[in-house]
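Heads up, the thing below is written out as structure tokens.
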Amino acid sequence: MDQQEKRLGVYIHIPFCASKCGYCDFCSLAGREKLMPHYQDAVLIQLQETMPRLKGYLIDTVYFGGGTPSYYGAKRILEILRELKYSNLLLRSSEITMEANPDSVRRKDLRALRREGVNRISLGAQCANDEILRLIGRRHTWRQVELAVRRARKAGFRNISLDLIYGLPSQSREDWAETLAKAIALKPAHLSCYGLRLEEGTPLYQEYLNSPLIPSEDDQADMYLYAVDLLERHGYRQYEISNFARPGFESRHNLKYWRLGDYIGFGAAAHSNLGNLRYSYTRNVREYISGVLGEENIIDEEEELTDFNRAAEYLMLGMRTARGISREEYTRLYRSSFDALEEVLDAFVTNGWAVREGDRWHFTAGGFLVSNVLIGVLLEAQTKEKFSANPWIREAFESQGEKIPLPTASEPYMN
């Protein structure tokens, strides 16, 4: 194999759902089944046009996200997967993930998916309390989660992940402890635990913003720390702020995002990162379809990243993970001084927010809780170091009467 061939992740966005959950602000549509055939045509055409241009790459991860790919149907998912195989870029060892909802998992579909190479299933379980599930607009029960896991195992899936949410309306610490206990009992290979975010424009935002039914910040912090401790004791290593896995079952695709790897997206709202080029497609599904079929522009945002942008992302994304960041990596990749960053990181260690292991720093569980603030401090230190070491940059900005730009600590979009 050519040593120059680079590894690439492929993300396919499936924006269709049987119904919209109360907390969801993702690009997804409910009750639009008539658009599915047209959307499928658009994705296949885009794949056919793009794959020949990816010379020098080999695909080692594929992720079908949504929306609800299982609702879209195994037949369509497999048609897309076969198109990727026809490119001769897809490695046999690839991790191929499909998101699924427990109410739309079918035995026959699971067998067909596994037979064709899908080897990882991510189930949106969310909560073990059926009343809370109804409250947030989920269509399934916990019993259906158990059945879905059993069916996936019978179909040959060893790599099963469960998504869980804490901080839900009326959810108590006891409810969360029960959810974790029931999830662990199913013995998944991977667990994702997300704190509820009330996104503007969603039904839950309108109904529960500032509501006493939403667990307090202290309660949510306790839920998070409880999960970190419990999962560790049951063999699930925390490898990112919200993600836990048994050894060897970390999400290889998502690690590409956190480690600044190359990935390419297809479908409405999909994002891509190829080298220093970052771009995304329109979130409007009809615009995406008409754009691809009519050869019109579907790019929503496009940006050529500078080395300084990439260095900032290295800090933001690296400190999200248990692997953390390294002086050697930073100076080798970005040819910048690490001194100011090391001073800040050592202060984090003193305060119990981070741990230093040799040449690497990473957050503790307590540090993860306040990571947005801490990462903001790191980015500010990085910017000051950059301008201190390169005074001509400051002079250039000041000569134009412009303010020095400070990067924000907001998390980048994740597919």
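Where a number appears in this text, it was derived from the coordinates with a stated rule and is not lab data. Because the structure is a prediction, the values reported are computed rather than measured. Neighbour counts run over all protein chains shown; Cβ positions are idealised from the backbone, glycine included.
3J(HN,Hα) couplings calculated from phi for the stretch 112-124 with the Karplus curve 6.51 cos²θ - 1.76 cosθ + 1.60 (θ = phi - 60°) are, in sequence order, 5, 5, 5, 4, 8, x, 5, 10, 9, 10, 10, 9, x Hz; Gly and Pro show x.
As a quick test, which of the pairs K55/K85; K34/K75; K154/K187; K20/K187; K108/K154; K6/K256 have an alpha carbon distance above 18 angstrom in this structure?
Details: K55/K85 15 Å; K34/K75 16 Å; K154/K187 14 Å; K20/K187 28 Å; K108/K154 11 Å; K6/K256 12 Å.
Beyond 18 Å between Cα atoms: K20/K187.
What's the center-to-center distance, using Cα atoms, between the stretch 9-84 and the stretch 169-242 in Å? The stretch 9-84 and the stretch 169-242 have Cα centres separated by 28 Å. Return a whole-number percent for the relative contact order of the chain, with Cα pairs under 8 Å and 6 or more residues apart as the contact set. Computed value for the chain: 14 percent relative contact order. Working note: Karplus 6.51/-1.76/1.60 with θ = phi - 60° gives the stretch 140-147 the couplings 10, 10, 5, 4, 5, 4, 4, 5 Hz, where Gly and Pro are set to x.
Using a Förster distance of 30 Å, how high is the FRET efficiency between R323 and N88, based on the Cβ-Cβ distance and rounded to 0.05? E between R323 and N88, to the nearest 0.05, is 0.40. If you sort the three axes of the alpha carbon gyration tensor as a ≥ b ≥ c, you get a/c of 1.5 or more for the stretch 161-270 and a/b no higher than b/c, which makes it oblate.
Checking Cβ-Cβ separations below 4.7 Å across the chain identifies C17, C27, C127, C193 as cysteines lacking any candidate disulfide partner. In this simple spin-label model, placing a label point 7 Å from the Cα along the Cα-to-Cβ direction at both E178 and S242 gives a separation of 2.4 nm. Each peptide in 53-59, 269-275 receives the mean, over its residues, of other Cβ atoms within 10 Å, and ordering these scores from highest gives 269-275, 53-59. Coupling constants for the stretch 276-293 follow from the phi torsions by the Karplus curve (6.51 cos²θ - 1.76 cosθ + 1.60, θ = phi - 60°), and in residue order they are 9, 9, 10, 8, 9, 9, 3, 7, 7, 5, 5, 5, 4, 4, 5, x, 5, 5 Hz; glycine and proline get x.
So what is the calculated 222 nm ellipticity per residue for the chain, using -39500 (n - 2.57) for each DSSP H run with n of 4 or more, over all residues, to the nearest 500 deg cm²/dmol? All intermediate terms of the calculation are to be shown ahead of the outcome.
Details: 17 runs with 177 residues, N = 415.
So the calculated ellipticity at 222 nm is -12500 deg cm²/dmol.
If the label point is 7 Å along Cα→Cβ of E79, which residues in the stretch 261-282 have backbone nitrogen under 18 Å from it? So the set is 266-268.
For Q126, the residues whose amide H sits under 5 Å from its own are D163, L164, I165, ignoring neighbours fewer than 5 places away on the same chain, with H placed 1.01 Å from N.
Using the crude model of +1 on Lys and Arg Cβ and -1 on Asp and Glu Cβ, and no other charge, please compute the dipole size for the chain relative to its Cα centre, in debye to 20.
Working: 53 positive and 57 negative charges, 500 e Å.
With Lys and Arg at +1 and Asp and Glu at -1, about 2400 debye.
Given their separation in residues at 0.36 nm each and the Cα-Cα distance between them, N276 and V377 gain 33.9 nm when the chain is fully extended.
Annotation: average projected area of the stretch 76-214 is 9.5 square nanometres, based on the convex hull of Cα atoms across all directions. Here the simple spin-label model places points 7 Å from the Cα toward Cβ, and for L293 and H234 these points are separated by 4.6 nm.
Classify the stretch 218-299 as rounded, prolate or oblate from the Cα gyration tensor: take a ≥ b ≥ c as the square roots of its eigenvalues, call it rounded if a/c is under 1.5, otherwise prolate when a/b beats b/c and oblate if not. Cα axes put the stretch 218-299 in the prolate bin. Of the residues G66, T50, I80, the one whose Cα sits farthest toward the positive end of the charge dipole of the stretch 1-136, with +1 on the Cβ of Lys and Arg and -1 on the Cβ of Asp and Glu, is I80. A crude spin-label estimate for the pair S19 and E200, with each label 7 Å from Cα along the Cβ direction, gives 2.8 nm.
Shape class of the chain from the alpha-carbon gyration tensor: oblate, with a/c at 1.5 or above and b/c at least as large as a/b. Using R0 = 51 Å, the C-beta based FRET efficiency linking R356 and L213 works out to 0.80. Between the exposed loop cleavage positions of the chain, defined as GluC sites (Glu not before Pro) in a non-H, G, I, E, B DSSP state with at most 11 neighbouring beta-carbon atoms within 10 angstrom, the longest gap is 1-199.
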